[in-house]
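A.B. asks: Here's a structure for you.
The values are calculated or read from the model by the stated rules, or taken from the named source; none is laboratory data. All figures in this text were calculated on a predicted structure; none of them were measured in a lab. Reconstructed Cβ throughout: ideal geometry from the backbone, glycine too, with neighbour counts over all protein chains shown. Protein only, heavy atoms only, side chains kept; ligands, DNA and RNA dropped before computing areas. Shrake-Rupley method; radii C 1.70, N 1.55, O 1.52, S 1.80 Å.
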Amino acid sequence: NSYIIFYSDHGGNLPWMKREILERGLHIPFMVRHPGGQKAGSVNNDLISAVDFAPSMLSIAGIQPPQYLQGKAFLGPHENEEKNAYIFAARDRTANHYDRVRSVSDGTFRYVYNFMPEVPKYQDLAYRKQMASMREIIEMRDAGEITNPFLLDWFQAPKPQEELYYTAKDPDEVHNLAGNPAFAEKQAELKTALFNWLEAVGDVAEI
């Protein structure tokens, strides 16, 4: 008669995954075993975020989630009928480095706004350098042996202020479509959604 919920930490354990504000750094496995095996084998593609966990736990306990919680319940008797149209993410301080980045996804596209374009996407963290694969990549970079333009882009600055990825077709998010006239409408939509969210939650990281 219990809910059993399985999910992971964010991002994989390879370079350019964990701590990144892209799909490879944000998308995590999430599985729910309902009481009595209800809904067994089914798949739900609704957009959910970690901020939705707390109200969902209150809901399955029969408690109405308070209005001040950012998230929406996706389980239990108080499940929110209004689903997420977007999910948001933020990155600020990582260990001893700082880079203010915000992103929004509608499940098909991801828009990223870099508040500090002068800072490269790569963060030179001591913890990250404990990984043998990371040390090897740095050695190859310093020796001029990296030819993959997408990996080189990770180390370069300045980075674009705006990024737009067609994640449904480009899951590795390597083809930046920001500024492409064919996707101007989608870029404007997601940028508006992102900055409306920043205002709604009171994002004061620029302080």
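A.B. asks: Only one of Ser49, Ser42, Ser103 is polar (S, T, N, Q), on the phi < 0 side of the Ramachandran plot and open to solvent by less than 20 Å² (accessible area, probe 1.4 Å); which?
C.D. replies: Going through Ser49, Ser42, Ser103 in turn, the sole match is Ser103.
A.B. asks: Looking at the stretch 106-115, which of the residues that are in a loop (DSSP other than H, G, I, E, B) and open to solvent by 30 Å² or more (accessible area, probe 1.4 Å) is nearest to Asp153 (Cα to Cα)?
C.D. replies: Step by step, filter the stretch 106-115, then rank; the result is Phe115.
A.B. asks: Could you list, ordered by first residue, the pairs with Cβ atoms under 7 Å in which the first is in the stretch 147-158 and touching a residue at least 24 places away in the same chain (Cβ under 8 Å) and within 16 Å of Val119 (Cβ to Cβ) and the second is among the hydroxyl-bearing types (Ser, Thr, Tyr) and surrounded by 11 or more Cβ atoms within 10 Å (Cβ to Cβ), at least 6 apart or interchain?
C.D. replies: So the pair list comes out as Trp154/Tyr122; Phe155/Tyr122.
A.B. asks: Follow-up question, since we're still on this one. Identify all residues within the stretch 133-153 that are closer than 22 Å to Asn13 by Cβ and in a loop (DSSP other than H, G, I, E, B); write none if there are none.
C.D. replies: Across the stretch 133-153, the qualifying residues are Ile146, Asn148.
A.B. asks: Looking only at the stretch 152-166, which residues are modelled with pLDDT of 95 or more and either of a type in the set (Gly, Ala, Ser) or within 20 Å of Ile87 (Cβ to Cβ) (or both)?
C.D. replies: Glu162, Glu163, Leu164, Tyr165, Tyr166
A.B. asks: Looking only at residues in the stretch 45-73 that are in a loop (DSSP other than H, G, I, E, B), under 23 Å from Leu22 (Cβ atoms) and of a type outside the set (D, E, K, R), which one is modelled with the lowest pLDDT?
C.D. replies: If we take residues in the stretch 45-73 being in a loop (DSSP other than H, G, I, E, B), under 23 Å from Leu22 (Cβ atoms) and of a type outside the set (D, E, K, R), then Gln70 is modelled with the lowest pLDDT.
A.B. asks: Can you tell me how many residues within the stretch 129-144 are modelled with pLDDT of 90 or more and either of a type in the set (D, E, K, R) or open to solvent by 100 Å² or more (accessible area, probe 1.4 Å) (or both)?
C.D. replies: Counting residues in the stretch 129-144 that are modelled with pLDDT of 90 or more and either of a type in the set (D, E, K, R) or open to solvent by 100 Å² or more (accessible area, probe 1.4 Å) (or both) gives 5.
A.B. asks: Can you tell me which residue within the stretch 84-100, out of those that are closer than 19 Å to Ile28 by Cα and in contact with a Phe, Trp or Tyr (Cβ under 8 Å, 6 or more places away or on another chain), is surrounded by the most Cβ atoms within 10 Å (Cβ to Cβ)?
C.D. replies: My answer is Phe88.
A.B. asks: Can you name every residue in the stretch 8-43 that is part of a loop (DSSP other than H, G, I, E, B) and aliphatic (A, V, I, L, M)?
C.D. replies: Once the filter is applied, which keeps residues that are part of a loop (DSSP other than H, G, I, E, B) and aliphatic (A, V, I, L, M), the stretch 8-43 yields Leu14, Met17, Ile21, Leu22, Ile28, Ala40, Val43.
A.B. asks: Inspect the stretch 159-175 for any residue being exposed (fewer than 13 other Cβ atoms within 10 Å of the Cβ) and more than 18 Å from the chain's Cα centre (by Cα) and give the result as yes or no.
C.D. replies: Looking through the stretch 159-175, none of the residues is exposed (fewer than 13 other Cβ atoms within 10 Å of the Cβ) and more than 18 Å from the chain's Cα centre (by Cα).
A.B. asks: Could you identify the single residue in Glu79, Glu118 that is among the charged types (D, E, K, R), in a loop (DSSP other than H, G, I, E, B) and surrounded by 14 or more Cβ atoms within 10 Å (Cβ to Cβ)?
C.D. replies: One residue alone meets the criteria, Glu79.
A.B. asks: When the residues of the stretch 177-203 are filtered to those that are in a loop (DSSP other than H, G, I, E, B) and modelled with pLDDT under 95, which remaining residue is nearest to Pro149 (Cα to Cα)?
C.D. replies: Going through the qualifying residues, I end up with Asp203.
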